[in-house]
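The values are calculated or read from the model by the stated rules, or taken from the named source; none is laboratory data. All values reported here derive from a predicted model rather than from experimental measurement. Cβ: placed from backbone, ideal geometry, glycine included. Neighbour counts: every protein chain shown.
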Amino acid sequence: MATEGLHENETLASLKSEAESLKGRLEEERAKLHDVELHQVAERVEPLGQFVMKTRRTLKGHGNKVLCMDWCKDKRRIVSSSQDGKVIVWDSFTTNKEHAVTMPCTWVMACAYAPSGCAIACGGLDNKCSVYPLTFDKNENMAAKKKSVAMHTNYLSACSFTNSDMQILTASGDGTCALWDVESGQLLQSFHGHGADVLCLDLAPSETGNTFVSGGCDKKAMVWDMRSGQCIQSFETHESDINSVRYYPSGDAFASGSDDATCRLYDLRADREVAIYSKESIIFGASSVDFSLSGRLLFAGYNDYTINVWDVLKGSRVSILFGHENRVCTLRVSPDGTAFCSGSWDHTLRIWA
Amino acid sequence: MAQDMTEKELLKMELDQLKKEVKNERQMISKTGKELKDYIESMAAEDPLLKGVPEDKNPFKEKGGCIIS
């Protein structure tokens, strides 16, 4: 009926204007604490010298685009996953492949190493996250021991074990994140709030408590309380999809990389964005970010095949690394900070130090 | 799931979230920024990628030979 239609539109419009005015208020509250810029706080910090970082190892073996990688806590093993459905575990010192499994789906967009080093998790277009125990018995078929843990209603974009092998956190194209019990496959908590696909997540360093951050196609980064399922804080300053989020080592901030060609730093206690890492010459999306051990350097992989190294405090770029022959889509610093690994659509992974 | 929600439902979800966030406690950047900087300075000496590690100490630096005798 005509009158009902009018009522519908009114409510939608009034909701929109209420949201706009709340966003305005939130901005005002945040602005009150914006007394200095981060780079001003860091004015007297010594500038960084020349960096010489080179590819030290190239891991070849994937038959198609590498989509994701993760380090084992032993600081040497790496798991990587690819568009062709293959998941490989490497010894990064020797470049030997230790395990390989073929998933029943293509585009394995997420993979993670279990804290014990005894299992890996992965998933993608199958909408699931599955756990594979790693065995050194040459006669055992890795795929036979597969355990399906998470079920989403759209693709799996990211996964991470929590502090133990017992729980996995997932992010999905269905717009939600979820926490699962590995043994039973039970859903322990779900996180609703993103208005579109969730593309990435990162767990807070264990000392900081039970929170994690997620980023999505709705341009929002959201910080969640794992126990209650509530969103604690959210940030919407990027102009496009957020492809990667990573906590600052102290847990008091996090960085993001986006299709808007910028990386940004969000201070959780000031509750705002405090730095933008960008240059006019950088026009391709940032796909993946990670901090060096101290948090001084931010490594970011881009769709223009390069890796840019940023001075987190001063906001300037300190180095640009060439080598990959296609998009860099995943990047992680090793657990002890001695090197970082990048994965690319050029089918390879590179270790840099 | 986000895809199954109507525009109105998405807006309501966003509104509820914003109402909560306006009440969050916040601190001055002069304080929190300094703490970020202090953290870095306390950890900088231990950061291998920042300070550099001698070639013989870093397992990735030289793909050296390993002789098993």
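Out of the residues in the range A:37-59 that are acidic (Asp, Glu) and free of Cβ contacts under 8 Å to residues at least 40 places away in the same chain, state the one that is surrounded by the most Cβ atoms within 10 Å (Cβ to Cβ). Before you say what the answer is, go through the steps one by one.
First pass over the range A:37-59, keeping only residues acidic (Asp, Glu): A:37, A:43, A:46.
Remaining after also requiring free of Cβ contacts under 8 Å to residues at least 40 places away in the same chain: A:43, A:46.
On the way: A:Glu43: 11, A:Glu46: 8.
This residue is A:Glu43.
Can you tell me how many residues within the range A:99-127 are buried (at least 24 other Cβ atoms within 10 Å of the Cβ) and not aliphatic (A, V, I, L, M)?
Result for the range A:99-127: 5.
Within the range A:165-225, considering only strands (runs of 3 or more DSSP E) that don't extend past its boundaries, which have at least 1 residues that are closer than 21 Å to A:Gly285 by Cα? If you could, list the steps in order and put the result at the bottom.
Values: elements: A:167-172, A:176-181, A:187-192, A:198-203, A:211-216, A:221-225.
By residue number, A:167-172, A:198-203, A:211-216, A:221-225.
Return the total of residues in the range A:10-44 being at the interface with chain B (Cβ under 7 Å from one of its Cβ atoms) and not in a helix (DSSP H, G or I).
So the answer is 5.
Select from the range A:160-194 the residues that are hydroxyl-bearing (Ser, Thr, Tyr), touching a His at 6+ places or on another chain (Cβ under 9 Å) and closer than 19 Å to B:Leu10 by Cβ and write down the one among them that is farthest from the other protein chains (Cβ to nearest Cβ).
A:Ser172
Any residue at all in the range A:195-210 that's touching a Cys at 6+ places or on another chain (Cβ under 9 Å), without any contact (Cβ under 8 Å) to a residue 24 or more places away in the chain and within 14 Å of chain B (Cβ to nearest Cβ)? Show your work before the answer.
First, pick out the residues of the range A:195-210 that are touching a Cys at 6+ places or on another chain (Cβ under 9 Å): A:195-199, A:201.
Remaining after also requiring without any contact (Cβ under 8 Å) to a residue 24 or more places away in the chain: A:196.
From the residues that got through so far, the ones that are within 14 Å of chain B (Cβ to nearest Cβ) too are A:196.
Looking through the range A:195-210, at least one residue is touching a Cys at 6+ places or on another chain (Cβ under 9 Å), without any contact (Cβ under 8 Å) to a residue 24 or more places away in the chain and within 14 Å of chain B (Cβ to nearest Cβ).
Restricting to the range A:48-75, give me the number of residues that are at pLDDT below 95 and small (Gly, Ala, Ser).
Number satisfying all stated conditions: 1.
Give me a count of the residues in the range A:309-332 that are free of Cβ contacts under 8 Å to residues at least 60 places away in the same chain, surrounded by fewer than 23 Cβ atoms within 10 Å (Cβ to Cβ) and in a strand (DSSP E or B).
Summing the residues that are free of Cβ contacts under 8 Å to residues at least 60 places away in the same chain, surrounded by fewer than 23 Cβ atoms within 10 Å (Cβ to Cβ) and in a strand (DSSP E or B) in the range A:309-332 gives 2.
Collect the residues in the range A:15-61 that are β-branched (Val, Ile, Thr), more than 28 Å from the chain's Cα centre (by Cα) and under 30 Å from A:Ala353 (Cβ atoms), keeping them in residue-number order. Working first, answer last.
Pass one, the range A:15-61, residues β-branched (Val, Ile, Thr): A:36, A:41, A:45, A:52, A:55, A:58.
Now drop any that are not more than 28 Å from the chain's Cα centre (by Cα), which leaves A:36, A:45.
If the condition is that a residue be β-branched (Val, Ile, Thr), more than 28 Å from the chain's Cα centre (by Cα) and under 30 Å from A:Ala353 (Cβ atoms), then A:Val45 is the only one that fits.
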